[in-house]
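Working notes, beginning with the structure itself.
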Amino acid sequence: MRHSKETRIAKRLSHYLDRVNRVHLLIMTILLLVCIVLEYYLNLTLGITGAYAHLFYVPLFIAAFWWGFQGGLSVGIFLALMHLTSHLPDINQLVLAESLAFALVGSATGVIGSERIRAERKLRQAYDEEVKLRRDLQAEMERRVEFTRALVHELKTPLTPVLASSELLIEELRREPFLSLARNINRGALSLNEKIDELLDLARGEIGMLRLKLKQIDPSPLLRSIADEISSLVASQGQSLILDLSEPLPSVTVDENRLRQVILNLLNNACKFTPEGGTIVLRTKRRGTRLAIEVEDTGPGIPLEEQQLIFEPYYRARSGQIYSGGLGLGLPLCKTLVELHGGQMWVKSQENKGSVFGLSLPL
Ligand code: ADP
């Protein structure tokens, strides 16, 4: 019976020792040894009493801070006993009061220490949970990207021969309506190819796997070539395009292909939504340490409540449902790409008047 009680106590002690930081234990042992030396040397050898006792509060507070109630109380009792025994046999009321104070202050500060330790433990628990959640989320997103990659592969495999064959047909065919039919097939396959790439880019962007190839460029030639590229589409739809560059433009550090992709996307949207006779403006403005690029159109505009939602993946505004098909991938991808450059995207729009889509790039 006695034996099992002893082993229980030993087990408990070793459990506490396991939880205690070894460095803290060493520091406390040294501090207590200093206290013992002070007590016996000053009191018994030199006969100085009382004055040094305040120094004992140092290990007391530290023990309460590190180990809470149990630590504060144990060190308090240790100091009280030491103080009492060093004054034996004539213990006066002051020594008794001081010893009692060690035990009481030790337990009182220990209670506060325990609260701190409990709060710290809770915080650590919350932190660990958050880390685990974040890891799970990351794994889930990586699975999604993996799935998207596999899907993209499956979709692209049959598309490659369609693209190659339609290009060959365009080169070989001379007679209408076959040439136009081949061009239609090619255009459809190209646009499908683009959508598939967008899908993969967006999935990569969501988990930060999208990388930019940054280089310093003069934006003017790039904007002019983009305007050239879109001009035939604009003309074929009876719209007009105005290029309003506030030259000379400062150079920017960007991934040229990605910036081209973003601006083309905005211009394509503008073409899609602007009626015949409407105007599209590609404009630049210098705003302090940023270069703003805007695409303005005279399309149907976007209701205020939808203006932020259109940057969410797969969201299609009312205008999109009426005027075009689409997956709602373009703008979210543009936003991701612009933000990867350290920039921002915005839209200002008024229903039945038009929209201005803008992006800013740091200079
Ligand atoms: P999608 O790839 O389907 O065109 P986007 O992400 O490019 O999707 O656009 C999301 C939605 O934003 C579209 O469905 C459309 O309703 C709206 N939108 C985008 N650009 C314009 C614009 N210039 N004028 C009016 N609505 C627009």
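The values are calculated or read from the model by the stated rules, or taken from the named source; none is laboratory data. Everything numeric here is computed off the predicted structure, so don't read it as measured data. Please note: Cβ atoms are built from the backbone with ideal geometry, for glycine as well, and neighbour counts cover all protein chains shown. The protein model used for the area step is the full one, side chains on, heavy atoms only, and it has no ligands, DNA or RNA in it. Shrake-Rupley method; radii C 1.70, N 1.55, O 1.52, S 1.80 Å.
Counting only DSSP beta bridges with both residues in the stretch 194-307, what percent are antiparallel, rounded to the nearest 5?
Numbers: 10 of 15 bridges.
Rounded to the nearest five, the antiparallel share is 65 percent.
If contacts are Cα pairs under 8 angstrom and at least 6 residues apart, what is the relative contact order of the stretch 20-85 in percent?
About 29 percent, as a whole number.
Using the alpha carbons of the stretch 213-363, what is the convex hull volume per residue in cubic angstrom, as a whole number? Mind showing how you got there, number by number?
Working: hull volume 15.4 nm³, N = 151.
Here the figure is 102 Å³ per residue.
Relative contact order for the chain: what percent, with Cα pairs under 8 Å and sequence separation of 6 or more? Don't jump to the answer; show the numbers that get you there.
Numbers: 480 pairs, mean separation 37.5, N = 363.
Contact order relative to length: 10 percent.
Might you tell me the accessible area per residue for the chain, computed with a 1.4 Å probe and given in Å²? It would help to have the intermediate numbers written out before the result.
On the way: 22040 Å² over 363 residues.
Per-residue value: 61 Å².
With every protein chain left in place and a probe of 1.4 Å, what is the accessible surface of GLU176, to the nearest 10 Å²?
100
Could you list which residues have their amide H under 5 Å from that of GLN344, counting only those 5 or more apart in sequence or on another chain, with H placed in the peptide plane?
So GLN344 has HN proximity to SER360.
Send over the per residue convex hull volume for the stretch 65-108, Cα only, as a whole number of Å³. Kindly include the intermediate steps, with their values, before the conclusion.
On the way: hull volume 2.0 nm³, N = 44.
Convex hull volume per residue, Cα atoms: 46 Å³.
Mind listing the long-range amide H neighbours of ASP244? Cut-off is under 5 Å, sequence gap 5 or more, other chains count too, H placed in the peptide plane at 1.01 Å from N.
Correct list: LEU282, ARG283, THR284.
Quick one: the Cα spread of the stretch 72-228 along its three principal axes, in angstroms, biggest first?
Here the Cα extents, ordered largest to smallest, are 124, 39, 17 Å.
Write down the percent of antiparallel bridges among all DSSP beta bridges whose residues are both part of the chain, to the nearest 5.
Numbers: 25 of 30 bridges.
Around 85 percent of the beta bridges assigned by DSSP in the chain are antiparallel ones.
Can you give me the % of accessible surface on the stretch 21-87 that is carbon or sulfur? Probe 1.4 Å, all protein chains present, nothing else counted. Don't skip to the answer; put the middle values down first.
Details: 2820 of 3550 Å².
Its accessible area is 79 percent carbon and sulfur atoms.
Under the Karplus relation 6.51 cos²θ - 1.76 cosθ + 1.60, θ = phi - 60°, what is the ordered set of whole-Hz ³J(HN,Hα) values for the stretch 276-286, x standing for Gly and Pro?
Each residue's phi maps through the Karplus curve to give 4, x, x, 10, 10, 10, 10, 10, 10, 9, 8 Hz.
Hey, got the dipole for the chain? About the Cα centre, +1 on K and R Cβ, -1 on D and E Cβ, debye to the nearest 20?
Values: 42 positive and 40 negative charges, 183 e Å.
Roughly 880 debye, rounded to the nearest 20.
If you take every residue apart from HIS87 with its C-beta less than 12 Å away from the C-beta of HIS87, what net charge results, scoring Lys and Arg +1 and Asp and Glu -1?
On the way: positive: none; negative: GLU39, ASP90, GLU98.
Summing Lys and Arg as +1 and Asp and Glu as -1 gives -3.
If the reach is capped at under 23 angstrom between alpha carbons, list the lysines near LYS5, excluding any in the same chain fewer than eight residues apart.
Partners found: none.
Kindly write out, for the stretch 333-340 in residue order, the coupling ³J(HN,Hα) from the Karplus curve 6.51 cos²θ - 1.76 cosθ + 1.60 (θ = phi - 60°), rounded to whole Hz, with x marking Gly and Pro.
For the stretch 333-340, the Karplus curve yields 5, 4, 4, 4, 5, 5, 5, 5 Hz.
How large is the helix-only mean residue ellipticity at 222 nm for the chain, computed as the sum of -39500 (n - 2.57) over DSSP H runs with n ≥ 4, divided by its residue count, in deg cm²/dmol to the nearest 500?
Values: 9 runs with 227 residues, N = 363.
That comes out to -22000 deg cm²/dmol.
Show HIS24, HIS54 ordered by accessible area, largest first, where the area counts protein heavy atoms only and the probe is 1.4 Å.
Details: HIS24 45, HIS54 130 Å².
So, going from the largest accessible area down, we get HIS54, HIS24.
Among all the lysines, which ones have a C-alpha under 17 Å from LYS348's C-alpha, if same-chain residues fewer than 8 places away are not counted?
LYS285, LYS335
Normalised by the residues of the stretch 1-132, what does the relative contact order come to in percent, with Cα pairs under 8 Å and at least six apart? Could the numbers behind the result be given before it?
Numbers: 127 pairs, mean separation 32.4, N = 132.
The value is 25 percent.
Can you pull the percent of Cα pairs in the stretch 1-154 with separation above 28 Å? Working shown, then result.
On the way: 5360 of 11781 pairs.
Roughly 45 percent, once rounded to a whole number.
Tell me, what ³J(HN,Hα) does each residue in the stretch 89-105 have, in order and in whole Hz, if you take phi through Karplus 6.51 cos²θ - 1.76 cosθ + 1.60 with θ = phi - 60° and put x for Gly and Pro?
Whole-Hz 3J(HN,Hα) from phi for the stretch 89-105: x, 9, 8, 8, 5, 5, 4, 4, 5, 5, 5, 5, 4, 4, 5, 5, 4.
Give me the one-decimal Kirkwood hydrodynamic radius in Å for the stretch 108-175, with the sum taken over alpha-carbon pairs. Walk me through the numbers before you get to the answer.
Values: mean 1/r = 0.0576 Å⁻¹.
Its Kirkwood hydrodynamic radius stands at 17.4 Å.
Just to confirm my numbers, what's the Cα centroid distance between the stretch 150-175 and the stretch 14-73 in Å?
Centre-to-centre distance over Cα atoms comes out at 82 Å.
Counting other Cβ atoms within 10 Å of each Cβ, which trypsin sites (Lys or Arg not before Pro) in the stretch 189-220 have at most 10 and sit in a DSSP loop?
Numbers: sites: LYS195, ARG204, ARG211, LYS213, LYS215; in loops: ARG211, LYS213.
Answer by residue number: ARG211, LYS213.
What fraction of the Cα pairs in the chain, stated in percent, has a spacing above 33 angstrom? Intermediate results must be reported in sequence, preceding the final value.
On the way: 37403 of 65703 pairs.
Roughly 57 percent, once rounded to a whole number.
Using a 1.4 angstrom probe on the protein heavy atoms only, line up ARG22, ARG283 by accessible area, largest first.
ARG22, ARG283
Among ILE117, ILE302, ILE263, which one moves the most in a GNM of the chain with springs linking Cα atoms closer than 10 Å?
Evaluated over the chain, the most mobile residue of the options is ILE117.
Run down the lysines and flag those whose C-alpha is under 16 Å from the C-alpha of LYS353, throwing out any fewer than 8 positions away in its chain.
Candidates past the 8-residue exclusion: LYS272.
Scanning the chain for chymotrypsin sites (Phe, Trp or Tyr not before Pro) in DSSP loops with at most 16 other Cβ atoms within 10 Å, what's the longest stretch left with none? All intermediate terms of the calculation are to be shown ahead of the outcome.
On the way: sites that count: TYR314, TYR315.
Here the longest run is 1-313.
So who's got an amide H within less than 5 Å of the one on LEU329, skipping anything under 5 residues away but keeping other chains? H placed 1.01 Å off N, in plane.
Amide H neighbours of LEU329: TYR314.
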